[in-house]
Amino acid sequence: MGKNIVIIGTHWGDEGKGKIVDLLTEHANAVVRFQGGHNAGHTLVVNGEKTILHLIPSGILRKNVECLIGNGVVLSVPDFFKEMQGLEAAGVEIRGRMMVSPGCPLILPHHISLDLMRENVRGNQKIGTTGRGIGPAYEDKVARRGLRVADLFNEKQFKISLEEIMDYHNFVLENYFHTNKVSLQETLDASLAFADELKPMVGDVVDRLAALRAAGANILFEGAQGSMLDIDQGTYPYVTSSNTTAGAISSGCGVGPMALDYILGITKAYTTRVGSGPFPTELFDSVGSHLASVGKEVGATTGRPRRCGWFDAHALKRVIQINSLSGLCITKLDVLDGLDKISICIGYENSESESATPIYEEMPGWKESTAGIRTLDGLPANARAYLDRIEAACDVSIDFVSTGPDREDTIVLKTLF
Ligand code: GDP
Ligand code: IMO
Ligand code: MG
């Protein structure tokens, strides 16, 4: 019997999901994305060589792994091809093992315009989106007027529907935002340019996942963003426009909740956030800049600096609850090397109010390097004590620890497949 294993980010994204998915695909037959779009940036490092993926599932560097994109993912066809061509140029064979759901909503140029204009109007209340058109594409889906991958293959009807939708959005762009309209013809040409090439990769992802499961395959479900960016459970309105928590798997690729065998939460040994919104444990001092520079905390999609702060066990407890997390993977432990003291947020004062302030517990740091250490025994005693404290505070087991960006720089404490 194969296993269905889920990888979820626990905070505001960039926890190291891509690295762990890539590691686990050694024993997996398929990897599926079920939400989000190319707002994601997942970094894989294999033998020192770095690959950043946005839409393509993080199983792509293992030759025999199937990669699937479920209906919950919003798809920019040109960006999908750009990413695929980049990988192909580096010698990665993709097309024979890639399946895209016909139900994926399309991200079109007017979505990007609307995303940028909305941010503009919000001024200092801006969400700090990735500017990829993600929110407006999900809006069109929920409004039941969106175009989907399947629509690309009926050119005549596509043109009629596109004209209708663009009439509506162009009216808003022109009359509300006082900006330029998006050209219908250019949108049409750009949308249909890849249709023939895309067609052989389009297939019934729901069926394929069921068939793989029935055949005893191991499947990884690759979350994008993080639980606190979830549209319902996150720090609304400073969130993304999809459900990023484990429940999204059912709607986003058609695998019911009872078919999930293990849910792994990926958590940095500290916390980061890119974009605006609340971040109770954010550091504005030299420790914050230390984490940012040692952790190379720059967004993998937009290149923006990430805000850094202490580990937030209080928030994590709720995230464990809303995802039914089975275990944790603590990443970037090595970034804490050399700090005199390390704090963990174990609760908030005035947690109901806007001015919630973290309650910290302070622990001694360690001077030794943990970079690349691959056994628990190899870690300094204070690093082990820090991990033990996280486990106790959150009441969940740490099943993996990551000590470097490379696939192999990982302490594996539990065999998942
Ligand atoms: P994702 O979006 O969750 O896949 O994470 P990103 O790829 O956006 O950001 C994580 C960053 O941390 C990437 O640059 C990774 O190469 C890097 N990384 C992952 N794990 C570790 C680790 O254990 N130590 C260090 N130093 N870097 C890591
Ligand atoms: P991965 O998968 C970190 C953030 C944006 C912004 C908010 C809304 O790499 O962890 P959007 O463009 O989605 O409407 O932006 O969500 N955001 C991410 N932050 N990692 C991501 O993905 C993110 N995807 C979106 O910065 O605050
Ligand atoms: Mg990322």
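The residues neighbouring Ala248, those whose beta-carbon lies less than 13 Å from its own, together hold a net charge of -2 under the Lys/Arg +1, Asp/Glu -1 convention. Full extension of the chain between Met258 and His178 gives 23.9 nm of extra length, using 0.36 nm per residue less the Cα-Cα distance. For the pair Ala211 and Leu376, a Förster radius of 35 Å applied to the C-beta separation gives a FRET efficiency near 0.35, rounded to the nearest 0.05.
Straight-line cross-link partners of Lys159 among the aspartates and glutamates, defined as a Cα under 17 Å from its Cα and at least 8 positions apart when in the same chain: Asp140, Asp151, Asp167, Glu186, Asp189, Asp196. Packing, as the average of other Cβ atoms within 10 Å across residues, places the peptides 295-308, 9-22, 241-254 in the order 9-22, 241-254, 295-308, highest first. Among the listed pairs Lys50/Lys268; Lys3/Lys367; Lys296/Lys367; Lys141/Lys181, a Cα-Cα separation exceeding 31 Å is found for Lys3/Lys367. For Lys341, the aspartates and glutamates whose Cα comes closer than 15 Å to its Cα, not counting residues fewer than 8 places off in the same chain, are Asp285, Glu361, Glu362, Glu368.
Comparing Ala393, Ala211, Ala40 in a Gaussian network model of the chain, where Cα atoms under 10 Å apart are tied by springs, the biggest mean-square fluctuation is seen for Ala211. With R₀ fixed at 30 Å, the C-beta to C-beta distance from Glu352 to Glu282 puts the FRET efficiency at about 0.95. Relative to the dominant Cα principal axis of the chain, helix 109-122 is inclined by about 50°. FRET efficiency for the Ala385 to Ile94 pair, using the beta carbon distance and R₀ = 45 Å, is estimated at 0.50. When a/c reaches 1.5 or more, the comparison of a/b and b/c decides; with that in mind, is the stretch 190-246 rounded, prolate or oblate per its Cα gyration tensor? Here the stretch 190-246 falls in the oblate category.
Using only the Cα atoms of the stretch 267-412, build the gyration tensor, take square roots of its eigenvalues as a ≥ b ≥ c, and label the shape rounded, prolate or oblate: rounded if a/c is under 1.5, else prolate if a/b is larger than b/c, else oblate. Rounded, because the longest to shortest axis ratio a/c is under 1.5. Spin-label model, Ser369/Lys414: points 7 Å from Cα along the beta carbon direction are separated by 3.1 nm.
Each reported figure results from applying straightforward, stated rules to the coordinates on display, with no laboratory input. The structure displayed is predicted, hence computed values, not measured ones. Glycine gets a Cβ as well: all are built from the backbone with ideal geometry, and neighbour counts include every protein chain shown.
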